[in-house]
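Input: a single structure, listed below in structure tokens.
Every number in this text was worked out from the coordinates using simple rules, so none of it is lab data. Here the structure is a predicted model, which is why all the values come from computation and not from measurement. Cβ: placed from backbone, ideal geometry, glycine included. Neighbour counts: every protein chain shown.
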Amino acid sequence: MTSPAQTSKPWYKEPWPWLLASMPITAVIAGGFTLWFAITSNDGLVVDDYYKEGKAINQTIERDKLAKSLGISAQLSAQDSRVQVQLSGNLQTPPGHLTLQILHPTRSGDDHTVILSWDGFAYAGKFPQLASSHYRMQITPEFGNWRLLGEFQPGRPVSLSPQI
């Protein structure tokens, strides 16, 4: 006759097999989720034509050099849904309009482009609703021969200058 202490339960009623199996099962589930996320998400950081992008860097450097040689800078202030830009520097003829690019550091889907028109006092335009608080700002004139860059922080004026 066997005593109650010597009787064993079936394996699936013991805690140890389930505890040991939980780690590999969790790894398989996490791996499946990672695979699903990698397949369905867009990798906006990959450039299709890296050679063409590399050649464009030289043009960008030339635009920065021109802005620096002309001493161009700008002050950008955004309030509610309006943005104003005060442009200063050694410009013989001010541009008719400016293009403001609001660039998200990692998600190109959150980038915005605003055309700023001269209103007699400053360049002004409609400011879009932004998804997060960290953006880079870039201003170029209508002909695109120079550019200014700055960092956006909500509620603060942004100083834009050549980055060279």
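The table that follows gives values for the structure above.
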{"quantity": "Answer from PRO95, PRO105 - the residue that is assigned to a loop (DSSP other than H, G, I, E, B) and either within 16 Å of THR140 (Cβ to Cβ) or among the small types (Gly, Ala, Ser) (or both)", "calculated": "PRO95"}
{"quantity": "Scope segment 69-102; condition in contact with a Gly (Cβ under 9 Å, 6 or more places away or on another chain) and among the hydroxyl-bearing types (Ser, Thr, Tyr); matching residues", "calculated": "SER73, SER88, THR99"}
{"quantity": "Test: ARG147 is in contact with a Ser or Thr (Cβ under 9 Å, 6 or more places away or on another chain), under 19 Å from GLN59 (Cβ atoms) and not aliphatic (A, V, I, L, M)", "calculated": "yes"}
{"quantity": "Verdict on HIS112 being under 27 Å from ASN42 (Cβ atoms) and either touching a residue at least 12 places away in the same chain (Cβ under 8 Å) or in contact with a His (Cβ under 6 Å, 6 or more places away or on another chain) (or both)", "calculated": "yes"}
